[in-house]
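What follows is a short report on a single structure.
The values are calculated or read from the model by the stated rules, or taken from the named source; none is laboratory data. Bear in mind that the values here come from a model prediction, so they are computed numbers and not experimental data. Cβ placement follows ideal geometry from the backbone for every residue including glycine, while neighbour counts extend to all protein chains displayed.
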């Protein structure tokens, strides 16, 4: 909704909302024709990136000592 004739602000808000919902990514991806092998390659890259990021996040959470149940495993405390 445009308030006080601020069209630029309303357009920026619309763009931020569409970006947060992933609409801009879909629009950019489907704007031009993509050959089927390029589509498969892009989907494969997305899937492998998601798997890699999930694995790295899991490893980083393990390495950060504050997230472990036993902060110093193997260490004898008296």
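Observations on the model:
- Residue 10 within 23 Å of the chain's Cα centre (by Cα), in a helix (DSSP H, G or I) and surrounded by 10 or more Cβ atoms within 10 Å (Cβ to Cβ): no
- The numbered conditions (1) at pLDDT below 80; (2) over 22 Å from the mean Cα position of the chain (by Cα); (3) part of a helix (DSSP H, G or I) are all true for residue 69 except (3).
- Sub-6 Å Cβ pairs linking a first residue in region 37-57 that is surrounded by 10 or more Cβ atoms within 10 Å (Cβ to Cβ) to a second residue that is not in a helix (DSSP H, G or I), at least 6 apart or interchain, number zero.
- Close Cβ contacts (under 9 Å, 6 or more residues apart or on different chains) running from residues in region 8-34 that are farther than 18 Å from residue 46 by Cα to residues that are at pLDDT 85 or above and surrounded by 11 or more Cβ atoms within 10 Å (Cβ to Cβ) comprise 15/24; 17/23; 18/24.
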